[in-house]
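Here is the structure we will look at.
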Amino acid sequence: MRVVLNSIKAFFARHLMTMTLVLLIATFLAGLLYPMSVITIPAGNVGVLWRRFAGGTDLTTVWDEGIHLIAPFDELVIYDARLLQVEHDFDVLSSDGLTMTVNIAFRFRIIKENTPILHKYVGMNYTEILMLPEIGSQARNVFSQYLPDQIYTKRDEIQEKIEFAVRDSLTNEFNPDSLINVEYIQLEDVLIRSIRLPPEIQASIVRKVEQYHLSLEYTHRLNRERSEAERRIIEANGIRQFQEIIGEGITQAYLQWKGIDATLQLAQSNNAKVVIIGSGSSGMPLILGNLDSASGQGGSGGVSLNAPTGATSRPSGLTELMPPPLRLTTPPDETAPSPQAPAARSLPPVPAEGWPTPSDASGESRKPALPGGQHR
């Protein structure tokens, strides 16, 4: 055993420089070849292997996420298989030849199973080579079928047409090496983000839309006024029918009874008040008018609820005040009035039957008449 150990020590002693040099070279080569041999595929990505000395692109194998060891002279290309979004401005023409700029955003993802075919025939810049030209071409074809003002109202229809045309073109028209019905890219949707028209055209479209909405507003106004006119006609007819129905039952006695009832309700309230009643045989309140004006009697009398002593009661429940005593002034000498005091105004002679009493046979309250037909 000791002999073996001595032999190993002697070998290292003789070849120490050579072994040190080999070890340094191996470490250098490992550090140099490690990035090319050990490949890490991140999440949501796939890899396509290209063999330098074994036929080029491997069309049968798709490398998934994780760490993979390959030959240093081969190449593993990584593709993003997640949902991607690209937006771009396209110049399009309308059906009347108007130029406009449309900003279109489209979302897509690659088909994992067909990634090697996409890598072989298109490459990693498939967005600029395949997607953008195809989207622009189909957008121009679709926009040329519409007028400028229709683009705003039929945006969803235009988006669906562009999406369908692009999917059909990617599946059926791009078929290298007689590959039929092979999808490289799955288009999710096409979105029109904005449309920029010339300023003059855009202003005219805005004015057109404003006038359209103004016409709708006036239409609604006319309908509202017609409905209001119909409502008023119905209301007037109802009032007329009501008056015709109740007009047959309204008599003079009924109106007098309602006036007496309203006066009694006013008199029975707690607050202080003055009730104004009409003159004549009925003595109705003024709020109902002078019902006895046809008989030629006029004037009105004032009645206080807190009647003084001497007031009389009438059968209708109203209280009347006694007329105040008439104060007459007779000059001492009609031919020679006193210079100190002005002569009193002469009164007509008192009739033989005398002054009327506060309550005559008809139950009416009368007041003495003054010259000129006035009453005190």
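The phi torsions of the range 54-61, fed into the Karplus equation with coefficients 6.51, -1.76 and 1.60 and a -60° offset, translate into couplings of 9, x, x, 5, 7, 7, 9, 10 Hz, rounded to whole numbers, with Gly and Pro shown as x. Proximity of backbone amide H atoms, modeled 1.01 Å from N, is registered between ILE70 and VAL38, ILE39 at under 5 Å, excluding neighbours fewer than 5 places apart on the same chain. Close amide H partners of ILE185, meaning residues 5 or more places away or on another chain with modelled amide H under 5 Å apart, are ILE111. Within the range 171-248, all pairs of alpha-carbon atoms sorted by distance into 5 Å bins from zero give the percentages 3, 10, 7, 7, 7, 6, 7, 7, 7, 7, 6, 5, 5, 4, 3, 3, 2, 2, 1, 1, 0.
In this rough spin-label picture, where each label sits 7 Å from Cα along the Cβ direction, the ASP91-MET124 distance is 3.2 nm. Over all other residues within a Cβ to Cβ distance under 15 Å of ALA229, the charged ones net out to +1, with Lys and Arg as +1 and Asp and Glu as -1. Computed over the alpha-carbon pairs of the range 26-83, the distance histogram in 10 Å steps reads 23, 48, 24, 4, 0 percent, short to long.
The relative contact order of the range 21-127, computed from alpha carbon pairs under 8 Å that lie at least 6 residues apart in sequence, is 25 percent. Does the range 59-129 come out rounded, prolate or oblate by the C-alpha gyration tensor, with a ≥ b ≥ c the root eigenvalues, rounded set by a/c under 1.5 and, if not, prolate when a/b is larger than b/c and oblate if not? Prolate is the answer for the range 59-129, as a/c is 1.5 or above and a/b outweighs b/c. Other residues within the sphere of radius under 12 Å centred on the Cβ of LEU170, judged by their own Cβ, net out at -4 (K and R +1, D and E -1). Inverting the pair-averaged 1/r between distinct Cα atoms of the range 122-255 gives 21.4 Å as its Kirkwood hydrodynamic radius.
The accessible area of MET131, taken with all protein chains in place and a 1.4 Å probe, comes to roughly 0 Å². Put VAL77, VAL62 in order of accessible area, highest first, and with a 1.4 Å probe you get VAL62, VAL77.
Can you tell me the length gained on complete extension of the stretch ALA43 to ALA105, counting 0.36 nm per residue apart and subtracting the Cα distance? Fully extending the segment from ALA43 to ALA105 adds 19.8 nm.
The length gained by stretching the chain between GLN150 and LEU216 to full extension, at 0.36 nm per residue less their Cα-Cα distance, is 21.8 nm. Using θ = phi - 60° in the Karplus curve 6.51 cos²θ - 1.76 cosθ + 1.60, the 3J(HN,Hα) couplings for the range 205-213 round to 5, 4, 5, 4, 5, 4, 5, 4, 6 Hz; x is entered for Gly and Pro. One chain, two ends: TRP257 and LEU69. Fully extended at 0.36 nm per residue, the span grows by 56.0 nm beyond their Cα-Cα distance. A 1.4 Å probe, protein heavy atoms only, puts the accessible area of SER269 near 50 Å². Packing, taken as the mean count of other beta carbons within 10 Å per residue, orders the peptides 107-118, 144-155 from highest to lowest as 107-118, 144-155. What the Kirkwood sum gives for the range 147-200 is a hydrodynamic radius of 13.3 Å, with every pair of different alpha carbons counted.
The values are calculated or read from the model by the stated rules, or taken from the named source; none is laboratory data. Please read all numbers here as calculations on a predicted model, not as lab measurements. Glycine gets a Cβ as well: all are built from the backbone with ideal geometry, and neighbour counts include every protein chain shown. Note: areas computed on protein heavy atoms with side chains; ligands, DNA, RNA excluded. Shrake-Rupley method; radii C 1.70, N 1.55, O 1.52, S 1.80 Å.
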